[in-house]
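To start, the structure itself, in structure tokens.
The values are calculated or read from the model by the stated rules, or taken from the named source; none is laboratory data. Quick caveat: nothing in here was measured; it's all calculated off a predicted structure. Quick reminder, even Gly has a Cβ in these numbers, built from the backbone with ideal geometry, and neighbours come from all protein chains shown. Each accessible area value is taken on the protein alone, full model and side chains, heavy atoms only, with ligands, DNA and RNA left out. Shrake-Rupley method; radii C 1.70, N 1.55, O 1.52, S 1.80 Å.
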Amino acid sequence: MHIAVFVKQVPDTSEIQIDRTTNRLIRDGVPSILNPFDCFAVETALRLKEKHGGTITVITMGPKQAVSVLKKCCALGFDNAYLLNDIAFAGSDTYSTGYILSTALTEIEKIHGKADLILVGKQAIDGDTAQVGPQIAEKLEIPQVSYVADIKKDGDTITVKRMLEDGYMTVQVQTPCLLTCIKELNTPRYMSIRGILDCDKEPVTVLDYNALKDDPLIEVDTIGLKGSPTNIYKSFTPPRKGSGMMLEGSGKETVEQLFGILTTKHII
């Protein structure tokens, strides 16, 4: 079994600030981490490999420093690691990113064999769109199931418990397929000392535009900033609310006070 896992390096949002003048994220000095939702996809791949055997390939697109998240996956037990890095990829929105990642996987499959299962986190904490995973499946023309909370594999059949707003549904799907993983799926493990020491022995292969350009979908007009039909106009934090008003007295007294205030403001 060959499992492909797409991950993303994201800024640690607990330390992100916004420039009040430009309304843009201040990324300088902010550490980058493995997207937390991707950790559940990583753990799922490791558990499936331990139970059913096979190999795991991890793929990310980003700057050269994104190698760190690939090394983390290798330290946990992944077999192959690929970094998609080229100035031509810069500025890609989710639509263009889906083209690049799906095309890259097609090239990688020529080396490591067809991916039976593709795993991704449900969304990235920096964009929160939850679009890239489904777009990869759409471009590869394979079935997908999102918000997966449990997985069971029996041969070529994957049975998953999919979370809905008001409950769960059970879905059976044939491989190859793509699943987006949520935190209810598992508890990610920590890297071992041996894994950390050995991960540097695993080479990270870099794929650039030239490695993918033979695919008719990968053109200058379909990737990068130029090929992105959407862009971020601005980012901002909601304005802070004013201080609240404390009402004192008994229950009846505070109700009467509140009634008077709301009446004065013509709310009631």
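Some points to look at:
- Considered as a group, the residues in segment 132-142 that are of a type outside the set (A, V, I, L, M, F, W, C) and either outside any loop (DSSP other than H, G, I, E, B) or within 29 Å of Asp12 (Cβ to Cβ) (or both) include one that is least open to solvent (accessible area, probe 1.4 Å), and that residue is Gly133.
- The set of residues in segment 147-190 being in contact with a strand residue (DSSP E or B) (Cβ under 7 Å, 6 or more places away or on another chain), polar (S, T, N, Q) and more than 21 Å from Thr103 (Cα to Cα) consists of Thr157, Thr159, Thr170, Gln172, Gln174.
- If you check Ser102, Ser146, Ser96, Ser92 for being more than 19 Å from Gly224 (Cβ to Cβ) and of a type in the set (Ser, Thr, Tyr), only one passes: Ser146.
- Selected residue (criterion: modelled with the highest pLDDT) from residues of segment 1-26 that are surrounded by 12 or more Cβ atoms within 10 Å (Cβ to Cβ) and assigned to a loop (DSSP other than H, G, I, E, B): Val7
- Meets criteria (outside any loop (DSSP other than H, G, I, E, B), over 21 Å from Leu207 (Cβ atoms) and open to solvent by 30 Å² or more (accessible area, probe 1.4 Å)) for Thr129: no
- Any hit, segment 144-166, residues being part of a strand (DSSP E or B), open to solvent by 30 Å² or more (accessible area, probe 1.4 Å) and among the acidic types (Asp, Glu): yes
- Candidates in segment 191-216 are the residues that are in contact with a strand residue (DSSP E or B) (Cβ under 8 Å, 6 or more places away or on another chain) and open to solvent by 80 Å² or more (accessible area, probe 1.4 Å); of these, the one that is nearest to Gln65 (Cα to Cα) is Val206.
- Screening segment 88-126 for residues that are acidic (Asp, Glu) and part of a loop (DSSP other than H, G, I, E, B) and picking the one that is farthest from the chain's Cα centre (by Cα) gives Asp116.
- Some residue of segment 227-234 being open to solvent by 80 Å² or more (accessible area, probe 1.4 Å), basic (Lys, Arg) and over 22 Å from the mean Cα position of the chain (by Cα): no
- Top-ranked residue of segment 103-126 - restricted to ones that are among the polar types (S, T, N, Q) and open to solvent by 10 Å² or more (accessible area, probe 1.4 Å), ranked as nearest to Pro216 (Cα to Cα): Thr106
- Any hit, segment 87-102, residues being open to solvent by less than 50 Å² (accessible area, probe 1.4 Å), charged (D, E, K, R) and farther than 29 Å from Arg194 by Cα: yes
- Applying a threshold of 8 Å to beta carbon distances and a minimum spacing of six or more residues, or different chains, the list of pairs starting in segment 196-223 at a residue that is touching a residue at least 24 places away in the same chain (Cβ under 8 Å) and ending at one that is of a type outside the set (A, V, I, L, M) and open to solvent by 70 Å² or more (accessible area, probe 1.4 Å) reads Cys199/Lys72; Val220/Lys226.
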